[in-house]
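The values are calculated or read from the model by the stated rules, or taken from the named source; none is laboratory data. Fair warning: this is a prediction, and the values are worked out from it, not measured in the lab. Cβ: placed from backbone, ideal geometry, glycine included. Neighbour counts: every protein chain shown. Side chains are part of the model used for accessible areas, which takes the heavy atoms of the whole protein and leaves out ligands, DNA and RNA. Shrake-Rupley method; radii C 1.70, N 1.55, O 1.52, S 1.80 Å.
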Amino acid sequence: MPTTLPDWLEHLQRLHPQAIALGLDRAGEVWRRLGAPTPARVVITVGGTNGKGSTVALLEAMLAAAGKRVGSYTSPHLLRYNERVRVAGIEADDAALVDAFARVEAARLDGAPVALTYFEFGTLAALWLFAQRDLDVALLEVGLGGRLDAVNLIDADAAIVTTVDLDHQDLLGPDRDSIGREKAGIFRAGRPAIIGDAGAPQGLIEVAVAKRALLHVAGRDFHAEIRPPGRWRWRSGDADLVLPLPALPAPCQVANAAAAIAALQALRSRLGWFPEAIARGVAGVQLGARLQRFAGPPELIVDVAHNPQAATVLAAWLAAQPVAGRTLAVFGALADKDVEGVVAALAGQVGAWFPGGLDGASPRGLEPAALFTRLRRAVPESAVMPASGDIRAALAAACAAAQPGDRVLAFGSFFVAAAALGFMATRAAAAA
């Protein structure tokens, strides 16, 4: 067996011929061979098109403030695989992950070998690791969809669907209704099902009702409203909280926090009800690459917006945070993403585009020339700079072109965000 974390990750990449292969049979078989241990006393699963990682981070912060021992499983990571698995606020170290991977590998080969995808293998390892850590709560982020995602092996005590919009249509269906039906697969009969999207598609609601889940819908069963200056109100039934705005800056984070609180309220008989801890968690939550700002000059903003819904939220935030000069956008994308839809949502806020290739970061990544062509087609009236190589090269070009008062925005994918964070680390080290 491999002995180091890098060797294990390379091994995982080779186990299945497809990067994405939805279905529960393979992972379910290996999980049964592992004994199907319970990951925690309470499990909350979080799905949705956008906002999953933020909602997990908000839940983790609130529960930790209440003194709960929490495990969080998220994906993808930015800089280190260890980011995906956290226990009591601390990333799993290499040794813990190597041990968990070895346990999964032994089970995978105990009988007829099972070909697991990278995500399936990692999910099983995280679940096994959590089961050894005596957790009060496990927070599980769905990787893709819901119904056939490996995370859905676990019967969650409560499940959240944050938002539903167009993404991964080749796998989940052509419209919001179809996608909503897939995401509703994480709901369970007789258990809380939180819908954070006040405009949720009917398919999501219909599946939840058919499953006999206990529905809690934003705008109907719980409500969030901004209370200037710097406060917001959450209310549901006899619960009425006035809270600080989330530390994560995008306006959508209030909706994410509202859904997280709704899940905690639905589980209050098992977890307790702790308004002061909720307020501390909302005010103190941290998560990288969600409108993460670095001082300049030029100022750099890093965000993982990679579909039209997320780009629309990003555009609204940029409009609400104007600068004296231009916004120079460093953008990279995977080939299966709606590049034109993302770019159109931001066209009015971007003064110039700097395409960066992701073909060296992922087999699905767009190479610079192809991205340049799609950008020129999507925003023919905008300034699109010649393709300059990978994301770091595009960032260097954007920073060199920036004038006083300009800002640089790096977005489009977790791969873009990771490259931007590495770029900033290098720049900081050079300045030290």
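What to note about this one:
- Placing unit charges on the Cβ atoms of the charged side chains and taking the dipole of the chain about its Cα centre, the candidate lying farthest along the positive direction among Ile44, Ser236, His216 is Ser236.
- Note on Thr426: accessible area is roughly 80 Å² with a 1.4 Å probe, heavy atoms of protein only.
- Protein accessible area in the stretch 20-122, 1.4 Å probe - carbon and sulfur %: 52 percent
- Taken along the Cα-to-beta-carbon direction at a fixed 7 Å, the label points for Arg14 and Gln132 span 2.4 nm.
- Vicinal HN-Hα couplings computed from phi for the stretch 349-356 (Karplus, 6.51 cos²θ - 1.76 cosθ + 1.60; Hz; Gly/Pro x): 10, 10, x, 7, 10, 10, x, x
- Sorted peptide list for 415-423, 155-163, 285-293, 400-408, criterion being average Cβ within 10 angstrom, highest first: 155-163, 415-423, 285-293, 400-408
- Counted residue by residue at 0.36 nm each, then reduced by the alpha carbon distance between them, the extension gain from Gln202 to Ala319 reaches 39.0 nm.
- Once you reduce the stretch 239-281 and the stretch 359-393 to the center of their Cα atoms, the two points are 39 Å from each other.
- Cβ-derived FRET efficiency at R0 30 Å, Arg103 paired with Ala189, nearest 0.05: 0.45
- The label-point distance for Asp177 and Arg376, in a model that sets each label 7 Å from Cα toward Cβ, rounds to 4.0 nm.
- Model label points for Thr426 and Ile90, set 7 angstrom from Cα along the Cα-to-Cβ axis, are 3.2 nm apart.
- With the charge dipole of the stretch 53-94 set up from +1 on Lys and Arg Cβ and -1 on Asp and Glu Cβ about the Cα centre, the Cα lying farthest toward the positive end among the listed residues His77, Val87, Ala65 is that of Ala65.
- Listed pairs Lys68/Lys211; Lys211/Lys337; Lys52/Lys337 exceeding 21 Å between Cα atoms: Lys68/Lys211; Lys211/Lys337
- Calculated [θ] (222 nm, deg cm²/dmol) that DSSP helices of n ≥ 4 give over the chain, each run adding -39,500 (n - 2.57): -12000 deg cm²/dmol
- Peptides 229-236, 298-305 ordered by average Cβ neighbours within 10 Å, highest first: 298-305, 229-236
- In terms of the mean number of neighbouring beta-carbon atoms within 10 Å, the peptides 189-197, 94-102 order highest first as 189-197, 94-102.
- Here, the stretch 281-415 has an Rg and a Dmax of 13.9, 44 Å when only alpha carbons are counted.
- Counted by Cβ distance under 15 Å from Ala370, the other residues give a net charge of -1, where Lys and Arg count +1 and Asp and Glu count -1.
- Scanning the chain for DSSP H helices at least 24 Å long along the axis (C-alpha atoms) with a Kyte-Doolittle mean no lower than -0.5 picks out 414-431.
- The chain: C-alpha gyration tensor shape, a/c 1.5 cut-off, then a/b vs b/c: oblate
- Solvent-accessible heavy-atom area per residue, rounded to whole Å², over the chain at 1.4 Å: 40 Å²
- Take His223: with every protein chain present and a 1.4 Å probe, its accessible area is about 50 Å².
- Considering only alpha-carbon pairs that sit under 8 angstrom and 6 or more positions apart, the relative contact order computed for the stretch 146-264 is 23 percent.
- Carbon plus sulfur fraction of accessible area for the stretch 129-235, probe 1.4 Å, in percent: 47 percent
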